[in-house]
Amino acid sequence: MRSAESKSSLDEFEHALIRVIGNDHPETLEEAVALACSGFPDCDGNGDIIDRILRLENAGEIFLEKPPAVVPSSLTGFFLSGWTVWFWVVFSVAVATTVMVFAVPETAFPLVYARYLFGSIFMLFLPGFSIIKALFGRKELDNIERLALSVGLSLALVPLAGLLLNYTPWGIRTTPVTLSLLALTLVFACAAVARDYGVRRVS
C-alpha cells in the first residue's frame, strides 16, 4: 500500500491513515487501520472505517495493492484456471484448423478462406510458439522476441516434420502432416503449462 499527496479536505483520522500507509508501509489493511487508530481512543477499527478507506482509494489519496493470485494446488486445477488462457486459445485454434482441413473442401467458398487463414497460423506460428513457451519463462523474452522466435522456429519445424514423414509409410500427405503438427503443438503446449505450474508453485 502507498499514499498520494492529499488533494481534498480530510479529517484527522484520514490524515493519520494516509501518513501510516506512506511511512510505515503496513502489509495488510487491518494493520494499517490498527496503526491509524492508535492515536484515536474512540476508534474501534470498524463502523465507517471501511467506507472512509474506500472513499480515500476512489479519490486517489491511497492505493491498495491487490493480493497475489493463488496458484491452484493441482496441475489439473491449474489447467482450468485463468493462468492458462493462452493454452486454451492455442488448443482451440489447433483443433479448429484440423477440423477445417478435413471438413472444408477447396470448393467451399468462402469457408475455404477461413481454412487458409487458420492453416497459416497453425503452420507458421503455433508449433514454434508452443516450443518457445515450453523452453522460456514468461520474463525471459519480450513479446517481439517471442513472436519472432515463434515464427522462425515454426518455419524450421514444418519442413523438418515433412522430411521425417517422408521416411515413414504415411509419406508427405495432408493427413499425416496435419496430425503431426497438431500433436507437436499440443504436446509442447502441455509441457509449457506443466513448466509454468512448477515455476509458480515454487515462487
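The values are calculated or read from the model by the stated rules, or taken from the named source; none is laboratory data. Since the structure is predicted, the reported quantities are computational estimates derived from the model, not experimental observations. Glycine gets a Cβ as well: all are built from the backbone with ideal geometry, and neighbour counts include every protein chain shown.
The table for this structure:
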| quantity | calculated |
| --- | --- |
| Contacts under 6 angstrom Cβ, first residue in region 101-116 being outside any loop (DSSP other than H, G, I, E, B), partner among the hydroxyl-bearing types (Ser, Thr, Tyr), 6 or more apart | Val101/Thr178 |
| Candidates Phe91, Phe125, Phe79, filtered to the one that is free of Cβ contacts under 8 Å to residues at least 40 places away in the same chain and either of a type outside the set (Lys, Arg) or out of contact with any Lys or Arg (no Cβ under 8 Å at 6 or more places or on another chain) (or both) | Phe125 |
| Cβ pairs under 7 Å, 6+ apart, first in region 129-152 and closer than 16 Å to Ala194 by Cβ and assigned to a helix (DSSP H, G or I), second at pLDDT below 95 and among the β-branched types (Val, Ile, Thr) | none |
| Restricting region 163-203 to residues that are among the small types (Gly, Ala, Ser) and at pLDDT below 90, the residue that is nearest to Val70 (Cα to Cα) | Ser203 |
| Filter result for Thr185 (assigned to a helix (DSSP H, G or I), of a type in the set (Val, Ile, Thr) and buried (at least 19 other Cβ atoms within 10 Å of the Cβ)) | yes |
